[in-house]
Each structure stands twice: as C-alpha cells, then as structure tokens.
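Enquirer: I am attaching a structure below and will ask some questions about it afterwards.
The values are calculated or read from the model by the stated rules, or taken from the named source; none is laboratory data. Just so it is clear, the structure is predicted and the values come from calculations on it, not from any experiment. Reconstructed Cβ throughout: ideal geometry from the backbone, glycine too, with neighbour counts over all protein chains shown. Please note that ligands, DNA and RNA were not included when accessible areas were found on the heavy atoms of the full protein model with its side chains. Shrake-Rupley method; radii C 1.70, N 1.55, O 1.52, S 1.80 Å.
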Amino acid sequence: MAEPALRLAGIEKHYGATVAVAGIDLEVQDGEFVTLLGPSGCGKTTTLGLIAGFFPPTAGEIYLRGKPVADLPSFKRDIGVVFQDYALFPHMTAAENVAFGLRMRRVAPGETAQRVKDALDLVKLGGLGDRRPLQMSGGQRQRVALARALVINPAVLLLDEPLSNLDLKLREEMRVEIVSIQRRLGITTIFVTHDQGEALVMSDRIAVMNAGRIEQVGDPAAIYETPATRFVAEFIGRMNLFNGAVTPARGVRLASGVEVALPVPDDVATGTAVHVAIRPERARLTPGTPGDGLALMGKVRRILYLGAAREIHLELADGERGVVEVRNDGSGLGFAEGSEVWLSAPLANCRVLPVR
Amino acid sequence: MSFRRWRANRAPWALLRAFVICIYVFSLGPILITAAVSFNQGTRSYFPPRGFSFRWWERAMAPEWLDPLWFSLKLGSLTALISTALALPLAFALYRYRFRGREALVALTLGPLMLPTLVTGVGLLQLFQIVGLRDYIGFAALLVGHVVICMPFAVRTVTISLSTLPPNVELAAASLGATRLATLRHVVFPLIKTGLIAGAVFAFIHSFTDVNLSIFLARPGEIPITVKILGFLEFGFAPTLAAVAVITLLLPLVLVAIVERVSGLGDFIYGDRNRG
C-alpha cells in the first residue's frame with residue numbers, strides 16, 4: 001500500500017504540566033479531506049500547529065509522504081496553512097501575498113506571475129490582485145489566504161477554522177467552494193473546526209477530538225449514526241441518553257425497569273452501567289403502546305416550534321428527560337403540553353453506549 | 001433652544017478655544033519673538049525689532065556657530081542610528097520573550113527616561129575619568145551618553161510597532177517557506193519600519209536638543225550647539241543668538257517634515273489608521 005500523505009504517530013504536546021495533545025495517531029490518505037472536530041481547548045489547533053511545524057512535539061513523529069518531519073522547521077516542510085484570521089501580509093497586495101511562497105522558493109518571475117494569476121482565478125479573485133488586504137472584505141481576504149496556501153502546491157493543506165470569521169451566508173457558500181476546490185486539485189487537506197455542521201458537510205473523514213485525544217475517526221455518516229462514545233454522540237447532533245445496565249441475558253435494563261433487547265458488545269460485562277442512545281429525529285411519539293422496539297411512557301413537558309420541525313420535550317416515567325423531533329409535515333401533533341405519550345423507536349435506531 | 005441652554009452648550013467650546021489659543025501663544029510666541037529679534041539693525045535685542053538687517057544672520061553663519069551645529073548634526077544622526085540599531089533586537093527580546101532578568105533589562109533600558117539627564121551626565125563624566133578614559137571626553141563620551149538617554153525612545157516606538165504586528169503573519173511566512181531571516185526582512189521589517197523611523201527621529205531630536213548631559217561631556221572643539229548657545233548666554237543675549245536659535249529650531253523641524261513626507265510619521269504618532 002502506498003504511503004499515506006500524512007501520518008501522525010503518537011504525537012504529544014505538553015506545556016509544563018498542561019497536556020494539550022495527549023497522544024494522537026492518525027493516517028490521512030492522498031487527496032483526503034480530514035476534519036479535526038472538537039470543542040475549544042481539545043487540542044485540535046495545537047495538532048495543526050504541530051503538523052505545520054510551528055512548535056515541536058513533546059513526543060511522537062510526524063510523517064509527510066513517508067518522510068519524518070517532526071524535527072524540520074516550518075519553512076522546510078511542504079505545507080500550506082490558512083489561518084483563522086487569514087494572517088495576510090498587510091503591506092503587500094493580494095497578488096504579492098499569493099506570490100510570497102513562490103518568491104521564497106525562487107520560482108522564475110514569469111512562472112510566478114502565471115501561477116499567481118491562476119491561483120487568484122481559482123478562488124474567483126481574478127482582477128483584484130492589486131488590492132491590499134485592508135481594502136478587501138472578509139470573504140475576499142479568506143480567498144486570498146486560500147490562494148496563497150494553494151499556489152505552492154503543498155503536500156498538505158492545513159485549514160485552521162477558516163470560516164469562523166465569516167457571516168453565516170458566506171460561511172455556507174465557502175464550505176461548498178473550499179470542498180469543490182479541494183476535490184478539483186485533489187489536495188490532501190486537514191481542516192480544523194468546532195462546527196459539527198461544517199465537519200459533516202465537508203469531510204471525507206472526521207476525527208472527533210476531546211481533551212487532547214481522538215475519540216473516534218470515521219466518515220461523517222459513521223460518526224453521526226454510530227458514535228463510539230457518549231462524547232461523540234453528544235458533540236455531533238443531539239442524543240437522548242437513557243441510563244441502564246447490562247442484563248445477564250445480554251440486553252439492557254433501563255432505570256425505569258423496561259428491558260430493551262439491544263445487542264451489547266461482548267467486552268462489556270454483565271451489570272455494567274450503559275446508556276441507550278437514540279437521536280431525537282429517529283424516535284416517534286405515539287398515543288398508545290407501540291408494538292415492539294423501545295417504548296417509554298412520558299408526559300409532554302414543552303413543545304418548541306422550530307418551523308420545519310417541532311421539538312417535543314418529555315418527562316419520562318422514571319424522571320429522565322427525552323427529546324423527540326417531529327417533522328412539521330402539516331398533519332398536526334394530536335397532543336399538547338401535559339399529554340401522556342409514548343416515546344418509541346425501532347431497535348435498529350438505538351445504540352448502546354458506555355457510560356463515561 | 002433657550003438662551004440658558006445655548007449658553008450652557010457654548011461655554012465649554014469657548015473655553016476650549018481660549019485654551020488652544022493660549023497653547024499657541026505660549027509655544028509659538030517666544031519663537032516668533034526670537035525670530036523677529038534676529039532681524040534687528042542695532043546691537044540690542046529689541047522687540048519689535050528696530051530697523052531691518054541680515055547682519056546678525058551673517059554673524060550666525062560664521063564657523064563659530066556652524067561648527068557646533070554640524071557637530072550636533074553628526075552626533076544626533078549617529079546617536080539615532082546606533083539607538084535604533086540597538087533598540088530593534090532589544091524591543092524584540094523584551095516584547096516577545098519572558099526570561100530571567102527581563103525586568104532588570106526593562107528597568108535598565110527605560111531607566112534613563114525617568115532619571116534626570118543631569119545626573120546621568122555627571123555620572124558618565126565621573127565614570128570616564130575614573131576608568132581612565134578621560135581622553136575620550138568629547139565626541140565619543142557624548143555619543144555614549146546620548147545613546148543611553150535616547151535609546152528608550154527608540155525602544156518604545158519599536159515595541160509599539162511590534163505590538164501592532166498581526167499575530168500570525170510570521171507563522172504564515174514560515175509556512176510559505178520563509179526562513180527566520182527572510183521573514184524578518186520581507187514581513188516583520190516592512191511592518192515595523194515606521195516605528196523604527198519614528199524611533200530614530202525621536203532619538204535624533206532628543207540628542208539634538210539635549211543640553212543637560214552634553215554640558216558635562218563636551219570639550220573645546222567638540223561642543224554641541226546647545227552647549228555653545230548656553231555658554232554664549234553668559235555674555236548676555238545678542239541678536240546673533242536669536243538667529244542661531246532659529247536655525248537650531250528649524251533644522252529638526254525640516255528633518256521631521258521630510259521623514260513625515262517619506263514615511264508617514266504622523267501616521268505612527270496619531271495611530272495606525274493607514275497602516276498596512
């Protein structure tokens with residue numbers, strides 16, 4: 001098998017007693033778009049800085065196209081970085097900004113001019129090369145930053161929350177555009193964000209990070225549909241988590257006494273406390289007992305009207321809380337706040353998660 | 001609007017106007033009077049001048065005055081150059097890094113700003129005599145002294161311009177393949193250039209106008225213009241002095257005007273509205 005474009009092998013970064021990155025292993029294939037997703041302080045930006053070579057790792061090795069680079073300074077690695085604040089050079093025009101990397105590589109002036117022009121065209125800024133960063137809008141600056149990072153044809157493109165300073169409309173536009181440019185160029189890309197929506201839409205694979213570690217790596221559907229941990233389940237989308245324990249029959253008995261015949265992984269011992277997890281949009285509300293699957297009786301506490309859907313908050317019989325999202329298809333709910341309803345779901349929509 | 005309200009609103013503005021006029025009268029007045037006096041025809045310093053002549057200006061153009069003026073220009077320029085050259089790495093170290101002895105270095109660098117220059121002058125004079133460098137009193141000693149008292153200005157302006165550097169530009173340059181040196185040259189330096197120039201200008205002016213320190217370290221033949229003027233005052237105020245004073249005043253003004261034209265110094269002094 002070919003060498004991965006980027007491989008992180010047990011990298012760690014400590015600042016005194018603080019551990020920012022606590023051991024990360026990750027392989028990124030050529031042309032892949034991988035997102036590091038996590039809350040602020042989870043170590044995702046530090047990881048990006050380590051790949052970029054802005055500071056050395058405390059432990060571990062970084063391989064770029066099979067070559068160990070952990071000891072190389074940033075300017076000797078073959079990377080392109082787009083910063084959250086763009087970090088454009090304010091004293092240079094857009095074109096000069098884009099040309100900077102080529103100038104440092106001593107590319108001939110004629111070729112530089114052509115490549116700068118192509119790069120600016122690529123990000124749809126053709127004709128704006130003479131502007132200074134301060135004369136440009138946030139979205140345009142973002143494009144200059146992208147062109148500047150792309151023009152040097154780096155082995156890996158690193159994007160550090162590049163969309164978080166843009167307003168919502170522009171952000172959604174740029175999501176699509178960055179991905180389309182990335183696909184067209186086939187450039188290996190590491191994208192850092194705390195925005196799960198961005199991660200789901202843009203990525204080939206997502207690495208969900210928490211407290212300096214990767215909790216789970218997988219394609220967006222796998223991360224959303226089959227989260228491995230409670231953290232992943234709750235960080236991406238929303239999740240109902242009902243407390244329970246593994247029964248000798250290898251099912252789960254919920255706190256309310258209801259038994260759910262869900263398959264439990266073999267390595268989880270009988271009696272272990274677990275969660276039964278179900279997404280709000282995968283559960284249903286019925287007036288009477290449903291036939292099979294998960295069924296919990298509860299009382300409607302609040303109904304939130306969201307436009308395209310309604311969010312029904314329930315108080316369940318055992319004091320637990322639950323949320324069900326009901327699509328607003330025009331048929332009406334058939335119950336009101338205070339009504340008694342059943343929360344139900346086919347077992348295929350439920351998952352058993354370890355408590356942590 | 002009632003008259004009372006009208007008056008209430010107007011009074012502060014009138015006050016401000018009067019205040020500003022006072023500032024101009026007291027800062028520009030003496031200069032204008034001095035300039036006028038230099039055109040007197042007689043041997044006394046009358047104001048308003050009696051008659052009109054250039055005779056005192058001719059006197060002022062004699063080597064007796066031009067030599068110390070030239071001396072001060074040389075001293076000031078060299079002081080500015082050395083102060084700025086030292087200030088750049090110093091400001092970098094103090095602004096960017098936390099290290100042992102940093103506080104001490106800050107105190108040592110900026111200390112002369114708070115110390116009376118007179119004391120620094122006396123101290124330097126004694127030092128030069130005690131360590132047997134008596135022969136260097138004159139230009140060399142003046143240069144050392146002026147760098148000590150002028151460098152704080154340069155360190156301050158360079159530090160300010162470093163603090164306005166966008167946070168990630170250096171990392172961005174590194175990621176694009178620029179070595180530390182290339183980053184400094186192509187990114188950092190152009191962005192802090194105004195700060196460096198402003199520092200040099202402040203250092204020059206401070207050196208050019210200093211008398212407190214210079215008076216101790218000058219020696220015959222190596223006298224800055226300020227010390228020369230002070231010495232001449234012992235014989236009373238002559239119109240010659242008025243002419244010399246005007247020249248001494250105009251030189252730094254012209255310099256600042258030129259620098260302002262070339263690099264936008266005002267921009268540095270009044271804020272960073274046009275930077276980048």
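Enquirer: Checking A:Met297 against (1) surrounded by fewer than 15 Cβ atoms within 10 Å (Cβ to Cβ); (2) over 27 Å from the mean Cα position of the chain (by Cα), only one condition comes out false. Which one?
Expert: It is condition (1) that A:Met297 fails.
Enquirer: Only one residue in B:Ala8, B:Ala18 is open to solvent by less than 90 Å² (accessible area, probe 1.4 Å), in a helix (DSSP H, G or I) and modelled with pLDDT of 90 or more, so which one is that? Show your work before the answer.
Expert: Numbers: B:Ala8 fails: modelled with pLDDT of 90 or more.
Exactly one residue qualifies, and that residue is B:Ala18.
Enquirer: Looking only at helices (runs of 4 or more DSSP H) that fall completely inside segment B:112-220, which ones have 2 or more residues that are away from chain A (no Cβ under 14 Å) and aromatic (Phe, Trp, Tyr)?
Expert: Details: elements: B:117-130, B:139-163, B:169-175, B:180-183, B:189-209, B:214-217.
Ranges flagged: B:139-163, B:189-209.
Enquirer: Please count how many residues of segment A:62-79 are of a type outside the set (Lys, Arg), closer than 9 Å to A:Leu6 by Cα and open to solvent by 50 Å² or more (accessible area, probe 1.4 Å).
Expert: Just the residues of segment A:62-79 that are of a type outside the set (Lys, Arg), to begin with: A:62-64, A:66, A:68-75, A:78-79.
Going one step further and asking which of them are closer than 9 Å to A:Leu6 by Cα, we end up with A:62-64, A:66.
Next, from what is left, pick out any that are open to solvent by 50 Å² or more (accessible area, probe 1.4 Å): A:63.
Number satisfying all stated conditions: 1.
Enquirer: When you look at A:Ala70, is it in a loop (DSSP other than H, G, I, E, B), within 26 Å of the chain's Cα centre (by Cα), at the interface with chain B (Cβ under 8 Å from one of its Cβ atoms) and within 30 Å of A:Asp25 (Cα to Cα), yes or no?
Expert: Numbers: in a loop (DSSP other than H, G, I, E, B): yes; within 26 Å of the chain's Cα centre (by Cα): yes; at the interface with chain B (Cβ under 8 Å from one of its Cβ atoms): no; within 30 Å of A:Asp25 (Cα to Cα): yes.
No, not satisfied.
Enquirer: Determine which single condition A:Leu125 fails, assuming it passes every other condition in (1) open to solvent by 30 Å² or more (accessible area, probe 1.4 Å); (2) in a loop (DSSP other than H, G, I, E, B); (3) over 30 Å from A:Ala2 (Cβ atoms).
Expert: Against the list (1) open to solvent by 30 Å² or more (accessible area, probe 1.4 Å); (2) in a loop (DSSP other than H, G, I, E, B); (3) over 30 Å from A:Ala2 (Cβ atoms), A:Leu125 comes up short only on (1).
Enquirer: For A:Gly291, work out the one condition from (1) exposed (fewer than 14 other Cβ atoms within 10 Å of the Cβ); (2) of a type outside the set (D, E, K, R); (3) under 25 Å from the mean Cα position of the chain (by Cα) it doesn't fulfil.
Expert: (3)
Enquirer: Given the options A:Phe100, A:Phe75, A:Phe89, A:Phe55, name the one that is within 9 Å of another protein chain (Cβ to nearest Cβ), over 19 Å from the mean Cα position of the chain (by Cα) and assigned to a loop (DSSP other than H, G, I, E, B).
Expert: Numbers: A:Phe100 fails: assigned to a loop (DSSP other than H, G, I, E, B); A:Phe75 fails: assigned to a loop (DSSP other than H, G, I, E, B); A:Phe55 fails: within 9 Å of another protein chain (Cβ to nearest Cβ).
One residue alone meets the criteria, A:Phe89.
Enquirer: Name the residues in segment A:64-80 that are among the basic types (Lys, Arg) and on the phi > 0 side of the Ramachandran plot, would you? Talk me through it step by step, then tell me what you get.
Expert: To start, the set of residues in segment A:64-80 that are among the basic types (Lys, Arg) comprises A:65, A:67, A:76-77.
Correct list: A:Arg65 only.
Enquirer: Additional query: Out of curiosity, is A:Pro109 away from chain B (no Cβ under 13 Å) and either touching a strand residue (DSSP E or B) at 6+ places or on another chain (Cβ under 8 Å) or open to solvent by less than 10 Å² (accessible area, probe 1.4 Å) (or both)?
Expert: Values: away from chain B (no Cβ under 13 Å): yes; either touching a strand residue (DSSP E or B) at 6+ places or on another chain (Cβ under 8 Å) or open to solvent by less than 10 Å² (accessible area, probe 1.4 Å) (or both): no.
Taking the combined requirement at face value, the residue does not satisfy it.
Enquirer: Hey, among A:Ala87, A:Ala119, which residue is at positive phi, of a type in the set (Gly, Ala, Ser), open to solvent by less than 30 Å² (accessible area, probe 1.4 Å) and touching a residue at least 24 places away in the same chain (Cβ under 8 Å)?
Expert: A:Ala87
Enquirer: Return the residue satisfying two criteria in turn: it lies in segment A:37-52 and is more than 14 Å from chain B (Cβ to nearest Cβ) and outside any loop (DSSP other than H, G, I, E, B), and of such residues it is surrounded by the fewest Cβ atoms within 10 Å (Cβ to Cβ). Don't jump to the end; show me each part of the working.
Expert: Taking segment A:37-52 and keeping what is more than 14 Å from chain B (Cβ to nearest Cβ), we get A:37-44, A:47.
After this cut, where a residue has to be outside any loop (DSSP other than H, G, I, E, B) as well, the list is A:37, A:44, A:47.
Values: A:Leu37: 30, A:Lys44: 30, A:Thr47: 28.
Restricting to residues being more than 14 Å from chain B (Cβ to nearest Cβ) and outside any loop (DSSP other than H, G, I, E, B), the top hit is A:Thr47.
Enquirer: Just one of the numbered conditions (1) away from every other protein chain (no Cβ under 14 Å); (2) surrounded by 16 or more Cβ atoms within 10 Å (Cβ to Cβ); (3) touching a residue at least 40 places away in the same chain (Cβ under 8 Å) is not true of A:Ala95; which one?
Expert: (3)
Enquirer: Right, here's the next one. Identify, by number, the condition in (1) within 23 Å of the chain's Cα centre (by Cα); (2) under 30 Å from A:Arg65 (Cα atoms) that A:Gly139 doesn't meet.
Expert: The failed condition is (2).
Enquirer: Looking only at segment A:151-170, which residues are within 11 Å of chain B (Cβ to nearest Cβ) and not β-branched (Val, Ile, Thr)?
Expert: Hits for segment A:151-170 are A:Pro154, A:Leu157, A:Leu158, A:Asp160.
Enquirer: Consider A:Leu146 against the criteria (1) at the interface with chain B (Cβ under 10 Å from one of its Cβ atoms); (2) closer than 27 Å to A:Arg7 by Cβ; (3) in a helix (DSSP H, G or I): it satisfies all of them except one. Which criterion is unmet?
Expert: Against the list (1) at the interface with chain B (Cβ under 10 Å from one of its Cβ atoms); (2) closer than 27 Å to A:Arg7 by Cβ; (3) in a helix (DSSP H, G or I), A:Leu146 comes up short only on (1).
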